[in-house]
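Below is one structure; the comments refer to it alone.
Derivation of every value follows stated rules applied to the coordinates shown; laboratory data play no part. All values reported here derive from a predicted model rather than from experimental measurement. Reconstructed Cβ throughout: ideal geometry from the backbone, glycine too, with neighbour counts over all protein chains shown.
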Amino acid sequence: MNYVDPTKLRAYFFGNLYLSDIQHGIQAAHVVTKMFAKYGRVHEGDDLEAADTLYEWADDGVTKILLQGGYQSNLAVVYEIFEHLGGFLGLPFQRFYEEVDALNGALTSVGIVVPEEIYLKEDTYNWLDKDYGLFADVERHNGGVVSETPTNPTPKEILASLAFIQKPTTHDQNILYIDMMQTLLRATLRTARLV
């Protein structure tokens, strides 16, 4: 079994399709600045774990993965996923809008810092497909399932799936819920290609 180091962190940034490679890096740096503005003042409460993760990444990790995130509408969906999952998992996330005078207020980049257990784990979504019917193209014949082909979900499908997943009420359900949230975040990170 491979050892997964939860202290190894990376930041993933989804940049707007219309940015050049160098602009992706610049906009990601803007997101990092916004992250520190958001989490740098946190001394208690829900965001404390995210703040600790951000500073740990800045001290020990600093690896940035730049992804081509598609249109602005896709970046907005990815950010909404980060709000659900990053908030629940205690991970720092942020977005950056360019100034109105510069790019008419365009959303140019969204980012999140994640541990190795999220970005390194190889995943198939079969268990989500089988147990919950998420992310599978199902061909039906006379009411029965003929074939199921797991698919890689889009950000919109991931966001929609969050509405179907119920919050846990027991400890065992909470463990499964955390695993599901990590899997959905991992799926989100895999919806884009490298810049």
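Each residue in SER73, SER109 was given a count of other beta-carbon atoms within 10 angstrom of its own, and listing them fewest first yields SER73, SER109.
Using a cut-off of 26 Å between Cα atoms, the listed pairs LYS8/LYS167; LYS38/LYS64; LYS38/LYS121 include LYS8/LYS167; LYS38/LYS121 as exceeding that distance. Counting neighbouring Cβ atoms within 10 Å and putting the fewest first, the residues THR191, THR169, THR108, THR154 line up as THR169, THR154, THR191, THR108.
Counted by neighbouring Cβ atoms within 10 Å, the residues ARG190, ARG10 run from fewest to most as ARG190, ARG10. From the Kirkwood radius over Cα pairs of the range 3-99, Stokes-Einstein at 37 °C and 0.692 mPa s returns a whole-number translational diffusion coefficient of 235 µm²/s. Summing charges over neighbours of TYR12, with a neighbour being any other residue whose Cβ is under 11 Å away from its Cβ, gives +4 when K and R count +1 and D and E count -1. GLU116 label point, 7 Å along Cα→Cβ, cut-off 18 Å on backbone N: hits in the range 162-195? What the label zone holds, given the 18 Å backbone N cut-off, is 186.
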